[in-house]
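Visitor: Below is a structure I'd like to ask you about.
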Amino acid sequence: MHGFWGRILHVDVGSGRAEWRALPEERLRGCLGGIGLGTSLLYEYAPAGVDPFAAANPLIFVSAPLVGTPLTTTAKFAVVTKSPLTGFIADSLSSSHFALELKRLGIDALVVTGRAPSLAYLWIHDGEVEIRAAGELAGKTPHETEAVICAQVAPVPAWVASIGAAGEHLVRFATISNEGRHAGRGGAGAVMGAKHLKAIALSGSHETAVARPGEVNKIADRLRRRSVSSITDKYRHLGTVGNTAVFNRLGVLPAKNFQRATFDGAEALSGEGLAGSHFSRRHGCASCTIRCERLFRSLDGHEQRLEYETVFALGPMCGVSDPEMVLEAARLCDRYGLDTISTGGTLAWAIETSAAGLLPHESDAPPAFGDGAGLLAGIEAIAMRRGIGALLAEGSRRAASAVGGGTGRWAMHVKGLEMPGYDPRSLKTMALGLAVSPRGACHNRSSAYEADFSGAVDRLKADAARGALVAAAENFAAVLDSLIVCKFLRKCFDDFYAESAELLGAVTGWALSAEELELTGARIHTLKKLFNVREGWSAADDWLPERVLSEPLSGGVADGVALSADELREMIGSYYAARQWDAEGRVPAQVSAACADACGVTSALRRAAGSDRATAREGSAGSHQSSR
Amino acid sequence: MTPCTVELYGVARMIARTPEVGLVLPPAADFADLFAALAERLPALVGRVITADAGSLVPGYACSINGLEFVRTASAPVHDGDRIVLLSADAGG
């Protein structure tokens, strides 16, 4: 087999049992690698209805066919599990040397189940699997943990992914970190913490074999040249923080918990502003020619990575405009292993709830928008689950539910996942993408904002054409995330599906058409949906926060622009129709069966269907009894 | 004549070293006229943001009229007093 190894490693960290299992090539062709294969394995390994913190919830690290090839931006891996924040699929991507080492283990995925008796780390090296005690690593930052473990396993070279204090404390939006990067959204770090697993260290020696090396090299050269052209100027010269100022100008930069879509302090937090005031150096992932990372230096000398989403969530979202405070807040999130978007979103909820006098333990909470010191204290409290942090560590949806009093209207989330930095009122295609995403309020699994910024649609007006656009964008992203290719390379393809089919064919030896690859994207997306359906999804989960649907924007170019519930409902209907799902968003049985068959999860689907029928019978009996 | 202002964001601003520039275009001007005038005023943008023939933007850049409507063709008209936002075409991140 080329591009894949055709096997996975399953480790139960409770019993210590390690088991290698073959993966048929047809299954890999059906769902590729990365997010696709991860979703397939999640569907198979997670018992229906499993508690995300239960030992049985699998935490799955997935490689992909392009990893280890000369193709730029492909040193990436996926982390897939059932999210403790949403109760649905959590699929995250991270990158760099850990991704390369995962592939060098000679496996396509690592499935971790069980719960270690006490804090431990997993050390996998050339066919050996060890579970080592990690008591001395408790409370250490991911960076410190990587250093300690690398020293312990020396002279064998290793790459490490680990959790910080937030993961250990089961903060529901904790991340898994490697080399300063994060599998960020959905709380995979908390799932790892629930397994008492502080870290995973890898060292492998298997080299990736491709079917047609000459062809792969030729395509790699072509993409490498395009990757350093003007198409990627923004990423190469400014990084994603280049979004801040222009998003403010376009009225799409959410501020003060989505009260506004403009922010007075945006220039100080812009890529252009920070480049002059705080820039330290440019950096990049392994095997990447774009090198989008920007490191900034605070006045006290700390060097810190900043991304647009982090700047948005810890800056405008919380009303903070001081770059020093945002840098320190980002540094704390990295040290504790916290998703910056959910951290900012949950703290913004706390600020509004506190202002209304409804937050318990008020002394611990940031008292007002713009209070940088309060923001830092709030982050510490969340990571340690201290005081009010114990409530906020649950995320905005659960916190609002616990506090009650109508505070849910300030919880800006979809399916429990806090909103990213794109205001849906002034980006109508994005509004739909956020509402229907299986992951929750996610900007990455459709990048539906692309249509809004393209000029092909009126971004301020909703219409029934958006469903097809979002479905197509999701399919595109599903392929990108399963090959895996970095999103920042996506515009370097002239014809994405045709070129990707050519590329995947050269790597795997498969004869693939563009159409087959596009259908594969749709299938992967459908499988995510099927997982969510199995875990209790209903049409009510595809919706946006009340504020977005009831408060028009004020200020900026989008002043007065609104999004009504009827407009959203119409767009969602058009999306379900584009997907050929029924009016309630349910996947037809024939489509489910075909999808499950191609992705190798037919028996799991049948088990779930059998369980549904049994539940329906029980429900029917219960209903009958109560009627008596 | 058609007076207008070009606001520069991102890499365009860094290259031009200015956040905005005022231009006066001929009557009934379109975006091809605007790019030509901008190239003359800010020659550092030529080849980096504006094509060498000054007739359009290079791939990766886009324009929005008054921050609302994205421009899809160089034949789109520029109106008196327009503020043209010159930005990266890729909003990812």
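Visitor: Using 0.36 nm times the number of residues separating residue A:222 and residue A:577, minus their current alpha carbon distance, what extension gain do you get?
Guide: Value of the extension gain: 124.0 nm.
Visitor: Separate question: Report, for the stretch B:2-88, the % of DSSP beta bridges that are antiparallel, rounded to 5.
Guide: Antiparallel bridges: around 75 percent, rounded to the nearest 5.
Visitor: Packing-wise, with mean Cβ within 10 Å as the measure, how do A:74-81, A:130-137 rank, highest first?
Guide: So the order, starting with the most tightly packed, is A:74-81, A:130-137.
Visitor: For residue A:514 and residue B:44, FRET efficiency with R0 = 56 Å and r from the beta-carbon atoms, rounded to 0.05? Provide the component values of the computation, followed by the final result.
Guide: Working: r = 40 Å, r/R0 = 0.71.
Efficiency computed from Cβ-Cβ geometry: 0.90.
Visitor: Across the residues of A:235-242, average count of Cβ atoms on other protein chains within 10 Å?
Guide: Rounded to a whole number, the mean comes out at 5.
Visitor: Through the Karplus equation 6.51 cos²θ - 1.76 cosθ + 1.60, θ set to phi - 60°, convert the phi angles of the stretch B:77-88 into ³J(HN,Hα) values in whole Hz; use x for Gly and Pro.
Guide: Couplings: x, 10, 9, 3, x, 4, 10, 9, 8, 9, 9, 5 Hz.
Visitor: Something else now. Using modelled backbone amide H atoms (1.01 Å from N, in-plane), which distant-in-sequence or interchain residues come within less than 5 Å of residue B:84's amide H?
Guide: The list, which skips near neighbours in sequence, is B:5, B:6, B:7, B:66.
Visitor: Once you average over the residues of A:246-258, how many Cβ atoms of partner chains fall within 10 Å of each Cβ?
Guide: 3
Visitor: Kindly provide the helix-only [θ] at 222 nm of chain A, computed as the sum of -39,500 (n - 2.57) over DSSP H runs of four or more divided by all residues, to the nearest 500 deg cm²/dmol?
Guide: Details: 25 runs with 270 residues, N = 628.
It lands at -13000 deg cm²/dmol.
Visitor: Sticking with this structure for a sec: Measuring from a point 7 Å past the Cα of residue A:454 along Cα-to-C-beta, which residues in the stretch B:67-90 have an amide N at less than 19 Å?
Guide: From the stretch B:67-90, the list is B:68-74, B:87-90.
Visitor: Expressed as a whole number of Å, what is the distance separating the alpha-carbon centroids of the stretch A:518-561 and the stretch A:357-425?
Guide: 21 Å
Visitor: Turning to a different aspect of this structure: Taking amide H atoms as placed 1.01 Å from N in the peptide plane, list the residues 5 or more away in sequence, or in a different chain, whose amide H sits under 5 Å from that of residue B:50.
Guide: Here the answer is B:58, since their amide H atoms fall under 5 Å of that of residue B:50.
Visitor: Based on the mean of other Cβ atoms within 10 Å per residue, sort peptides A:16-24, A:476-484, A:59-67 so the most packed one is first.
Guide: A:59-67, A:476-484, A:16-24
Visitor: To the nearest 20 debye, what is the magnitude of the charge dipole of the stretch A:419-514 about its Cα centre, counting +1 on the Cβ of each Lys and Arg and -1 on the Cβ of each Asp and Glu?
Guide: Magnitude of the dipole: close to 400 debye.
Visitor: Give the residues of the stretch A:272-306 whose amide nitrogen is closer than 18 Å to a point set 7 Å from the Cα of residue A:150 in the direction of its Cβ.
Guide: Once the point is set 7 Å along Cα→Cβ of residue A:150, A:283-288, A:303-305 turn out to lie under 18 Å by backbone N, inside the stretch A:272-306.
Visitor: Could you run the Karplus curve 6.51 cos²θ - 1.76 cosθ + 1.60 with θ = phi - 60° over the stretch A:238-249 and give me ³J(HN,Hα) per residue in whole Hz, x for Gly and Pro?
Guide: Listing the rounded values in order: 10, x, 5, 4, x, 6, 4, 5, 6, 5, 5, 5 Hz.
Visitor: Apply the Karplus curve 6.51 cos²θ - 1.76 cosθ + 1.60, θ = phi - 60°, to the phi angles in the stretch A:260-277 and return the couplings in whole Hz, x for Gly and Pro.
Guide: Couplings: 9, 10, 9, 9, 4, x, 5, 4, 5, 9, 7, x, 5, x, 5, 4, x, 9 Hz.
Visitor: Please figure out what share of the DSSP beta bridges in the protein assembly as shown is antiparallel and state it in percent, rounded to the nearest 5.
Guide: Once the DSSP bridges in the protein assembly as shown are tallied, antiparallel ones form about 80 percent.
Visitor: Can you give me the long-range amide H partners of residue A:260? Hydrogens built in the peptide plane at 1.01 Å from N, cutoff under 5 Å, separation of 5 or more residues or another chain.
Guide: Counting only residues 5 or more places away or on other chains, the set is A:255.
Visitor: Ok, one more. At 7 Å along the Cα-to-beta-carbon direction for both residue A:19 and residue A:569, put a label point, then send me their distance in nm to one decimal.
Guide: 4.9 nm
Visitor: Let me ask something additional. Once you average over the residues of B:78-88, how many Cβ atoms of partner chains fall within 10 Å of each Cβ? Could you put the intermediate results ahead of the total?
Guide: On the way: counts 0, 0, 0, 0, 0, 2, 0, 4, 1, 9, 13.
Rounded to a whole number, the mean comes out at 3.
Visitor: Please name whichever of A:154, A:284, B:26 sits farthest to the positive end of the charge dipole of the protein assembly as shown, dipole taken about the Cα centre and charges placed at Cβ: Lys and Arg +1, Asp and Glu -1.
Guide: The one lying farthest along the dipole's positive direction is A:154.
Throughout, read-outs are computed from the coordinates displayed, never taken from laboratory work. On a predicted model such as this, the values are computed, not experimentally measured, just so you know. A quick note on method: Cβ atoms are made from the backbone with ideal geometry, for glycine too, and the neighbour counts reach across all protein chains shown.
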